[in-house]
1. Can you give me the orientation-averaged projected area of the convex hull built on the Cα atoms of region 20-114, in nm²?
2. Full-extension gain between residue 69 and residue 46, please, as 0.36 nm times their residue separation minus the C-alpha to C-alpha distance.
Amino acid sequence: MKIKASLLVTTLLASAFCFAADTYQVSTSVYSQGKRVAAPAMMVEADKMASITMDSGFSYTLTVTPNQDETAGVVAVVTVGDSTIHPSFTVAYGKEATIAIVEQKLTLMINKVNS
């Protein structure tokens, strides 16, 4: 019985020191041929892929990787109709970043929610 009690206490103490992964709010606007086609916002955990798909032929997948300097690396795949772009760049928290590739433009802002 003492072994079970000490195992329970050890488990509770260990779980108290576990930290949740960093979470980010990502607000995005996607433009194709100068027209905004989507403006999704989503909550994303650090280093985990998040995605959204809409009926209009739009899909968006991204991964946010935190850096040490209040920035995050973003790797995305954006599809509008039959056109797909694969941007990868670094974004400062709370500042809008834009990348344009051919006729598509991606604007996003990342805010750290918790760590």
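Nothing in this text is a laboratory measurement; each read-out follows from the coordinates by a stated rule. All of these numbers come straight from a predicted model, not from anything done at the bench.
1. On the way: hull surface 22.4 nm².
Hull-based average projected area comes out at 5.6 nm².
2. Computed gain between residue 69 and residue 46 is 6.8 nm.
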